[in-house]
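Structure first, commentary second.
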């Protein structure tokens, strides 16, 4: 084990290959991200057991995920972080049943990933807003509701409710080209929430935005989470972003993707800079150790 990864470090839990899956923590905090002191078990929103995924390519097999086990309790806000190509997005796509694992088991809200997809138990926010240019903002929110057969009156009510939740009341008749990038992403978040899924999957939704807009949207996302109590899985390349918004951080290692460590980012973390430094060391521990031994 690299010397930088010490099990005794506070707030850090290492994940050896043979370790038993951990038990979900108690009810996570909302806005202040302060966990309760009790240890009552919570229902699992996501339960992944020994999942691996191998892609068949023209150049041979590529192991994207290897023996991944993780459990996420209802109401948690979990950040996934790791170097490019470590399988963060792939893990999210497996949970969403957009890709199927080669081996292992996976439950989403107590049912299979396929059933959860068919029953629309999750909303997915992609890296790009993916908004049809010919539909107004209101009609974009109504689209999944139309497909699901909601009556017109309820479509209108839900569109108004979730546009208000992301502070876009008054923009109902605007088109995507009339909105900023940050506003477009807020529309995509509102659309993902419009049919009231219990789980929200977010794949680097703010990655293409500038730092000022990203920080503002992070604050709004935390407020949204506090109001709705949804379970959120958030993929990011930004260490400060992962620390700021997640109650828990899952650090993935590359080639193939595995859960390398778990870190709490609740109120007991008094020095975000120190936690950021620790994560950087974990991400590049092997390279640092190799350089020190030269």
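The values are calculated or read from the model by the stated rules, or taken from the named source; none is laboratory data. Predicted, not measured: the structure shown is a model, and the values here were computed from it. FYI the Cβ positions are ideal-geometry reconstructions off the backbone, even for glycines, and counts take in every protein chain you see.
The set of residues in region 87-101 being more than 18 Å from residue 50 (Cβ to Cβ) and assigned to a loop (DSSP other than H, G, I, E, B) consists of 96, 98.
Regarding residue 176, is this residue surrounded by 17 or more Cβ atoms within 10 Å (Cβ to Cβ), in contact with a strand residue (DSSP E or B) (Cβ under 6 Å, 6 or more places away or on another chain) and on the phi < 0 side of the Ramachandran plot? In short, no. Taking each residue of region 86-103 that is at positive phi and looking for partners that are surrounded by fewer than 21 Cβ atoms within 10 Å (Cβ to Cβ) and assigned to a loop (DSSP other than H, G, I, E, B) with beta-carbon atoms closer than 7 Å, six or more apart or interchain, yields 87/256. If you filter region 42-62 down to residues that are outside any strand (DSSP E or B) and free of Cβ contacts under 8 Å to residues at least 24 places away in the same chain, you find that the one that is surrounded by the fewest Cβ atoms within 10 Å (Cβ to Cβ) is 58. Take residue 239 and tell me if it is within 25 Å of residue 48 (Cα to Cα), in contact with a helix residue (DSSP H, G or I) (Cβ under 7 Å, 6 or more places away or on another chain), surrounded by fewer than 24 Cβ atoms within 10 Å (Cβ to Cβ) and in contact (Cβ under 8 Å) with a residue 60 or more places away in the chain. Considered against the rule, which asks whether it is within 25 Å of residue 48 (Cα to Cα), in contact with a helix residue (DSSP H, G or I) (Cβ under 7 Å, 6 or more places away or on another chain), surrounded by fewer than 24 Cβ atoms within 10 Å (Cβ to Cβ) and in contact (Cβ under 8 Å) with a residue 60 or more places away in the chain, residue 239 comes out as yes. Of note, residue 186 does not satisfy the criterion of being at pLDDT below 85 and either within 17 Å of residue 124 (Cα to Cα) or under 16 Å from the mean Cα position of the chain (by Cα) (or both). Number of residues in region 220-251 that are within 13 Å of the chain's Cα centre (by Cα) and farther than 25 Å from residue 165 by Cβ: the value is 4. Within region 182-210, the set of residues being surrounded by fewer than 16 Cβ atoms within 10 Å (Cβ to Cβ) and over 20 Å from residue 77 (Cα atoms) comprises 208, 210. For region 143-159, a tally of residues being in contact (Cβ under 8 Å) with a residue 12 or more places away in the chain and within 16 Å of residue 187 (Cα to Cα) returns 7. In region 83-100, of all residues being more than 15 Å from the chain's Cα centre (by Cα) and closer than 17 Å to residue 251 by Cα, the one that is surrounded by the fewest Cβ atoms within 10 Å (Cβ to Cβ) corresponds to 84. Can we say residue 161 is at pLDDT 90 or above and over 26 Å from residue 93 (Cα atoms)? Taking the combined requirement at face value, the residue does not satisfy it. The residue list 104, 75 contains one member that is part of a strand (DSSP E or B) and either modelled with pLDDT of 90 or more or surrounded by fewer than 19 Cβ atoms within 10 Å (Cβ to Cβ) (or both), which is 104. Count of region 109-147 residues, restricted to those that are touching a helix residue (DSSP H, G or I) at 6+ places or on another chain (Cβ under 6 Å) and exposed (fewer than 14 other Cβ atoms within 10 Å of the Cβ), is 1.
Going by the structure shown, is residue 64 touching a strand residue (DSSP E or B) at 6+ places or on another chain (Cβ under 8 Å) and closer than 25 Å to residue 224 by Cβ? In short, no.
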